[in-house]
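Only one structure is covered here, and it is reproduced in the block below.
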Amino acid sequence: MDTRTVGVEEEFILVDPNSGRPRAAADAVLRRGSHGGEGLLQHELQSEQLETGTRPCSSMTELADQIRDQRHVAAAAARNQGVAIAALGTSPLPVRPTVTPEERYVRMAGEYALTAAEHLICGCHVHVAVESADEGVAVLDRIRPWLPALLALSANSPFWQGTDSGYASYRRQVMGRWPSSGPTELFGTAAHYRAAVEEMLDTGAILDEGMVYFDARLSRRYPTVEIRVADVCLLMDDTLLVAALVGALVETAARAWQAGEPAPPVRTSQLKLATWRAARSGLRHDLVHPLTGRPAPAESVVRALVEHTAPVLAETGDLITVEGLLLGVLKRGNGAEQQWDVHQRTGDLSEVVAYAVTRTLES
C-alpha cells in the first residue's frame with residue numbers, strides 16, 4: 001500500500017459551561033450540527049456525549065487540520081445549544097447518564113444494567129487503512145504489545161463520580177466491565193479472527209458485532225484496523241501524536257508480516273497486566289516494557305515505541321514532528337496529569353472541567 005490513510009474518531013462530554021456538569025444535549029446539538037455539511041457529528045450511548053470523525057487523511061498536516069476543524073465544529077454546535085464540549089475520558093463531577101433513545105442503545109441499557117447505565121466515557125479511535133482482512137489481522141497480531149504505551153500517553157480520565165480514582169485512565173477500568181473488551185489473543189488469519197467473533201456472537205453475551213470492544217479490531221464499516229485503546233486526548237497535539245504513532249505502528253507491523261516475521265508471542269494475560277499498569281500509572285510511574293515484559297520508566301517505554309516506528313516515520317517525513325509532540329507531552333504531562341494539577345491547585349472539580357473546556361480547543 002503506497003499511502004495508508006488515517007482517520008480519527010473522538011468522543012466528548014457535553015457539559016454546562018457554568019457548573020461543569022454533563023448535560024443530555026446531544027439531540028439538540030446534532031440537529032444544529034447537521035447543517036452546513038457538518039454531518040460527521042454522531043450520537044453515542046449516552047445523551048451527554050458526542051462523537052466527531054475526520055475524513056481519511058494522507059498526511060499529518062491534513063489530519064491535524066481535520067482534528068482541529070472537527071473539534072471546532074462540535075464546539076460551535078454545542079455552544080449554540082448552551083453547552084460546551086470537554087475532551088475528558090470521564091466526567092470529574094457526579095452524573096447519572098441518560099441513554100440515547102435509539103433502539104440499539106435501549107437494548108444495551110436493558111441487557112447490561114449498571115454497566116451501561118454508568119457508561120459515560122470518551123475514547124479516541126484511530127482507523128488505518130489496510131489492503132485486506134488478512135493484512136489487518138496480521139497487523140492486529142503484531143501491534144498488541146505496543147497498545148498499553150498508547151494508553152499511557154493518552155490517559156485523561158483520573159476522576160470518577162466526583163472522586164479521584166487514583167488511575168490515570170479510569171476509563172480503561174470502566175471499559176473493562178464489558179464482556180468483550182481488552183487485549184486479544186493471536187488470531188493468525190482473517191478466518192480465525194472471523195471464527196472468534198462468530199463464537200462470541202453465538203454465546204449471546206454481546207448483542208452484535210459492534211460490541212466487539214477489543215483494544216484493536218477490524219472495522220465493521222471500513223477497510224481499516226481500528227485501534228480503540230486510547231482515551232480521548234485533552235489536547236489536539238496529543239491526538240495527533242497518538243494517530244501518527246498508530247499509523248506508523250500499523251505500517252511497521254504490515255511490513256514485518258510481509259517479510260515473514262512472526263508476531264511476538266506475548267500472552268494475553270501479560271497484555272492485560274501491561275494495560276492495567278498503563279491505566280494506573282499513565283506517564284507518572286513505571287510501565288511494562290513491551291520488549292522485555294519487565295517494569296521500566298514510562299519515558300523509556302514511549303520512546304521505545306517511537307524508536308520501533310522510526311523508520312516509517314522517517315520515510316514519511318514525520319519523525320521530527322512526532323519527536324517534538326512526544327517531548328511536549330513528556331514535559332507538560334498527559335491529560336490526567338493536567339487534571340490532577342488543576343485539582344491540586346484549586347480543590348474544585350468544576351475548575352477541572354472548565355480547564356478542559358478551554359484546552360479542548362487548544363493545541
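Here are a few things to note about the model shown:
- Screening P264 with (1) outside any helix (DSSP H, G or I); (2) surrounded by fewer than 20 Cβ atoms within 10 Å (Cβ to Cβ); (3) under 17 Å from the mean Cα position of the chain (by Cα) gives one miss only, at (3).
- Within this structure, E44 passes the test of being surrounded by fewer than 24 Cβ atoms within 10 Å (Cβ to Cβ) and in contact with a Leu (Cβ under 8 Å, 6 or more places away or on another chain).
- Any chance A248 is open to solvent by less than 40 Å² (accessible area, probe 1.4 Å), touching a residue at least 24 places away in the same chain (Cβ under 8 Å) and under 16 Å from V229 (Cβ atoms): yes
- Condition check for D215: in contact with a helix residue (DSSP H, G or I) (Cβ under 7 Å, 6 or more places away or on another chain), within 30 Å of I13 (Cβ to Cβ), in contact (Cβ under 8 Å) with a residue 24 or more places away in the chain and of a type in the set (D, E, K, R): yes
- The stretch 186-202, residues that are closer than 30 Å to T90 by Cα and open to solvent by 30 Å² or more (accessible area, probe 1.4 Å): M200, L201
- As a summary of the residue check, I67 satisfies the conditions (1) more than 12 Å from V8 (Cβ to Cβ); (2) at pLDDT 95 or above; (3) surrounded by 21 or more Cβ atoms within 10 Å (Cβ to Cβ); (4) of a type outside the set (F, W, Y) except for the one numbered (1).
- Members of the stretch 250-271 that are farther than 25 Å from S180 by Cβ and not hydrophobic (A, V, I, L, M, F, W, C): E251, T252, R255, Q258, G260, E261, P262
- Test result for V29, crowded, with 20+ Cβ neighbours inside 10 Å, touching a Leu at 6+ places or on another chain (Cβ under 8 Å) and assigned to a helix (DSSP H, G or I): yes
- Looking at V137, V99, V106, just one residue is within 24 Å of I206 (Cα to Cα), in contact with a Ser or Thr (Cβ under 9 Å, 6 or more places away or on another chain) and without any contact (Cβ under 8 Å) to a residue 40 or more places away in the chain, and that residue is V106.
- Within the stretch 49-62, being of a type in the set (A, V, I, L, M, F, W, C) and open to solvent by less than 10 Å² (accessible area, probe 1.4 Å) holds for L50, C57.
- Entry remark, the stretch 110-119: residues being under 28 Å from S154 (Cα atoms) and touching a residue at least 40 places away in the same chain (Cβ under 8 Å) number 5 in total.
The values are calculated or read from the model by the stated rules, or taken from the named source; none is laboratory data. Predicted, not measured: the structure shown is a model, and the values here were computed from it. Cβ: placed from backbone, ideal geometry, glycine included. Neighbour counts: every protein chain shown. Side chains included, ligands, DNA and RNA excluded: accessible areas come from the protein's heavy atoms. Shrake-Rupley method; radii C 1.70, N 1.55, O 1.52, S 1.80 Å.
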